[in-house]
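Colleague: Before anything else, here's the structure in question.
The values are calculated or read from the model by the stated rules, or taken from the named source; none is laboratory data. The model shown is predicted, which means the values in this text are computed figures rather than measured ones. Don't worry about glycine lacking a Cβ; one is built from the backbone with ideal geometry, like all the others, and counts go over all protein chains shown. These area figures cover heavy atoms from the full protein model, side chains too; ligands, DNA and RNA do not enter into them. Shrake-Rupley method; radii C 1.70, N 1.55, O 1.52, S 1.80 Å.
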Amino acid sequence: MRRFNIASIPGRIITAIIAVACLAGSYYAMTTGLGKLTEARQLERLPETPVGALTTGPYVIAGEITDQLGTLETPYSKTEAVYYRYKLEEEYRDSDGDLRIRTLDSGARGRNFLLRDQTGPVTVAAGGNPDAAEWILDRTYRQQTGRRIYSEWALVPGHTARVIGQYSSESTSLNFAGLEDFSLPAMVSRNTLAADSGDRFFDAAIRISIATGLLALGIALILPLVRIHRFWVYVLVMTFAVSGTLSVLGINKLRQEWSAIANLYEARYQKIDETSARSLVLADVAALQQLIRQSTSGWLDRWMFRSVVQNRLPVPELDEQTASIARSIVASQPVGRYQHAWTSRGLAVASIIAALLLLWLSIRTVKSKRLIEAVPTSSTRGLSFGLSELKAMVDVDDEHPPLRDPLKNEKCVAFDYKVEEKRGSGKNEKWRVIEHREERAPFWLEDSEGKVLVQPDGAKIEYPQYHSERQGDRRYTVRFLDTFVNVYCLGFAGLDRDQPDRLTIQKDEASPFLISGNEEEDIVLDRGARGFAGIALTLGLFLFSTTALFAADGGFSPDNLILSALTVPIILLIYTGILHYNDIVFLKNRVDRAAANIDTILQQRHELWPNLEKVVKASLAHEKQLLKAIAQLRSADPVEMSSNGQADKLMQFEKKVTNALQARIEGYPDLKNNEVIQKFMSIMAETENYLSLLRNSFTESAMIYNTRIQSFPDVILAKLFRFREAPQFSSET
């Protein structure tokens, strides 16, 4: 298949759809996640109120189920219950022969029932609309007959349950309406409040983390759609969007949450003097305030508690009996607030490992993009030694003829041919590669100023052409690089092995090698989008780990979202630092490599001077000044001079001596025909152009490197890691 390119029209459409889906999914996950978080925090604040202390408003009560108001008969086990849920399932085998289960029938029924504790009974009005509440029950019956499975979840007389509902003093019953105003779930559960709130904490942490990851991914995909691929723009947008969203949502949700708990607390507080059971009601209010205080975590939480609860409605003095009741209510509240601590820690560690791996891959992608942006486009005539970028047309000739692709027999300079066969059936049906081969041939890149040879072996080729056909159970696919098409080429310009006086684009282990049929801007956008998406997923994983770690200690709250929001700028700052550090290292290595190449050439030339000195001594004994210069060159150590920054002076001195020697040789035919002299002059002629190219490459690399380490923010990294300025060759020749 062809490589998916985000910058293409189909790629942009698909990317836009994915981006919108990510943003919509982020909104849904964040909204529901914050809702679950608020419910979990409200559950841990509410005491289990004695039935005798009920006035008006939302309550959590716990007691034993009785059958005084009648029961229902479950459909399969024929058990007497006040509520049941049933499901009929059937096992079957799919087309692949795998065993699966499908639901044939399901439903639920309930009726009003009495719940009794030590202070009295209360009616739970569940018969009118049992689906209005969440019923958290264990399965009480399971029977398999043949392929059919019968299951029931029943609440039967004698069970102990906890009910969250709205108490009405007029009807003296609990119903499930109006709890949304207090951010409470309507619930009938056989679990403890700690278990139910813990499940919601876990659910909230996952949803919020997924939401932030989707938000970051959606923004990362939108930026390339509007043709923005600058990394600093991405950093600013991502910081403000993700951090701002988390901070604003966290503050707003915290305000709503405390508004709800303040209304609930105030409603109970005002009923203290309006009931005959004043001691029980006062103890319940005191227990509520203490649990609210215990559940606060973070500076925002504590400030909200003081402003809306403690300072506004202080609890009156309690007598010893009332204080004892309040202490017993608080003591009966489950201590553990989060039941998934080790699961959260494990997920956090796994997320950090995955994030670091994805961070490494994203850095590679963005580094490639930044390299393409940094390398200037050269013409074939202005090509210089080292990493170069060209935009030219593919051409062939008799010296370098084209290939023929094996599917359509069309002219090309490179192709990737694959034959696949369909094997297996059902879900195991897959295309298996039975033949795969790739061929490449040298070709010319031609522009208005000339042409340069390309040796494509080792290059990553993004083939612009694609053919595929199917014959029976076989599929034949060929991707190829056609002739006479314009391409983008990023590769190393080095000496042609067959013709040392010219440069060719070739593979180099230290440099990238890319040949693409796409425009440079599209390549940059595509890699930018991929890199940004990788960074977004990295941020999502780091945010997930942060959220999970906050939740693991049982103290996760909306103000933790603000702390989690700090993860975004911190990660992006680290990411930016890594990218800029890698850029400096890459530029420094280019300078060092150019200098090393010059040292190599100087060393090769230096080895010729001793033999040359002997010949000149015998033939030109009277040329004392020339002999002295040659002796000086023979004794000079190119490596030492290079390390001391004297290579430029050595090259200038060599050139003067060579010119002087050439002038003397012209007048002495015997010396001119000497084998050593011929070899020397031949090598000098061959390497002079090469040395000139290396000088230009070093000068250009040093100039770019020095500019970078003097620019902000690279100057900070340069001083921190002690990157030193590279010396420049003088303009003298």
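Colleague: Could you sort the peptides 58-71, 32-45, 214-227 by per-residue average Cβ neighbour count (10 Å cutoff), highest mean leading?
Modeller: Most protected by this proxy first, the peptides run 32-45, 214-227, 58-71.
Colleague: Contour minus end-to-end for residue 342 and residue 563, with contour as 0.36 nm per residue of separation and end-to-end as the Cα-Cα distance?
Modeller: Full-extension gain reported as 77.4 nm.
Colleague: What shape does segment 42-201 take by its C-alpha gyration tensor, where a ≥ b ≥ c are the square roots of the eigenvalues and a/c under 1.5 counts as rounded, a/b above b/c as prolate, and the rest as oblate? Don't skip to the answer; put the middle values down first.
Modeller: Numbers: a/c = 2.58, a/b = 1.85, b/c = 1.40.
Verdict is prolate for segment 42-201.
Colleague: If you don't mind, there's one more thing I want to ask. So how far apart, in nm, are the two label points at residue 31 and residue 585 if each is 7 Å from Cα heading toward Cβ?
Modeller: Label at residue 31, label at residue 585, 4.6 nm between them.
Colleague: Give me the net charge for the shell around residue 285: Cβ to Cβ below 12 angstrom, other residues only, Lys and Arg +1, Asp and Glu -1.
Modeller: So the surrounding residues net to 0.
Colleague: Rounded to the nearest 10 Å², what accessible area does residue 168 have for a 1.4 Å probe in the complete protein model?
Modeller: 30 Å²
Colleague: Could you tell me the center-to-center distance, by alpha carbons, between segment 421-492 and segment 108-149 in angstrom?
Modeller: Measuring centre to centre over Cα atoms gives 65 Å.
Colleague: Which of the peptides 100-107, 231-238 is most tightly packed, and how do the rest follow, going by the mean number of other Cβ atoms within 10 Å of each residue?
Modeller: 231-238, 100-107
Colleague: Using only the Cα atoms of segment 249-311, build the gyration tensor, take square roots of its eigenvalues as a ≥ b ≥ c, and label the shape rounded, prolate or oblate: rounded if a/c is under 1.5, else prolate if a/b is larger than b/c, else oblate. Let's see the in-between values first.
Modeller: Numbers: a/c = 3.17, a/b = 2.12, b/c = 1.49.
Taking the square roots of the gyration eigenvalues as a ≥ b ≥ c, segment 249-311 is prolate.
Colleague: Please identify every one of the trypsin sites (Lys or Arg not before Pro) in segment 119-210 that sits in a loop by DSSP and has no more than 13 other beta carbons within 10 Å of its own beta carbon.
Modeller: Those that pass, being in a loop and sparsely packed, are 139, 147.
Colleague: Can you give the accessible area of residue 393 in Å² (nearest 10), computed on protein heavy atoms with a 1.4 Å probe?
Modeller: Result for residue 393: roughly 60 Å² accessible.
Colleague: Additional query: What is the distance, in nm, between label points placed 7 Å from the Cα along the Cα-to-Cβ direction at residue 468 and at residue 80?
Modeller: Distance between label points: 6.7 nm.
Colleague: Explain nothing, just the number: dipole magnitude of segment 38-157 about its Cα centre with +1 on each Lys and Arg Cβ and -1 on each Asp and Glu Cβ, in debye rounded to the nearest 20.
Modeller: Computed charge dipole of segment 38-157: roughly 140 debye.
Colleague: Of 342, 135, 258, which has the most accessible area with a 1.4 Å probe, and how do the rest follow in descending order?
Modeller: I get 342, 135, 258, largest accessible area first.
Colleague: Further question: Charges at C-beta only: +1 for Lys and Arg, -1 for Asp and Glu. How large is the resulting dipole of segment 26-72 about its Cα centre, in Debye rounded to 20? Before the final figure, lay out the partial values.
Modeller: Details: 3 positive and 5 negative charges, 59 e Å.
Charge dipole of segment 26-72: 280 debye, to the nearest 20.
Colleague: Over 26 Å between Cα atoms, which of 451/588; 369/460; 36/271; 507/588 qualify?
Modeller: 451/588; 36/271
Colleague: What list of ³J(HN,Hα) values in whole Hz, one per residue of segment 582-591 in order, does the Karplus curve 6.51 cos²θ - 1.76 cosθ + 1.60 (θ = phi - 60°) give from phi, with Gly and Pro shown as x?
Modeller: 4, 4, 5, 4, 4, 5, 5, 5, 4, 5
Colleague: Now, a different point. What order do 694, 357, 371 take when sorted by accessible area (1.4 Å probe), most exposed first?
Modeller: The ranking, largest first, comes out as 357, 371, 694.
Colleague: Going by the alpha-carbon gyration tensor, a ≥ b ≥ c the square roots of its eigenvalues, is segment 318-473 rounded (a/c under 1.5) or, if a/c is not under 1.5, prolate (a/b greater than b/c) versus oblate?
Modeller: Taking the square roots of the gyration eigenvalues as a ≥ b ≥ c, segment 318-473 is oblate.
Colleague: Expressed in nm to one decimal, what extension gain is obtained for the pair residue 169 and residue 138 from 0.36 nm per residue of sequence separation less their Cα-Cα distance? Could the numbers behind the result be given before it?
Modeller: Details: separation 31, 0.36 × 31 = 11.16 nm, distance 3.17 nm.
Length gained, residue 169 through residue 138: 8.0 nm.
Colleague: Sticking with this structure for a sec: What full-extension length gain, to one decimal in nm, is calculated for residue 712 and residue 259 as 0.36 nm per residue of separation minus the Cα-Cα distance?
Modeller: That pair, residue 712 and residue 259, stretches by 158.4 nm at full extension.
Colleague: If you don't mind, another one. Keeping every protein chain in place, order 580, 436 by accessible area at 1.4 Å, biggest value first, i.e. largest first. Working shown, then result.
Modeller: Working: 580 30, 436 105 Å².
The most accessible residue leads, giving 436, 580.
Colleague: So what are the ³J(HN,Hα) numbers for segment 487-497, from phi and the Karplus equation (6.51, -1.76, 1.60; θ = phi - 60°), rounded to whole Hz, Gly and Pro as x?
Modeller: 9, 9, 9, 10, x, 8, 8, x, 5, 5, 5
Colleague: Do any GluC sites (Glu not before Pro) in segment 455-553 lie in a loop, going by DSSP, with at most 11 other beta-carbon atoms within 10 Å of their beta carbon, and if so which?
Modeller: 509
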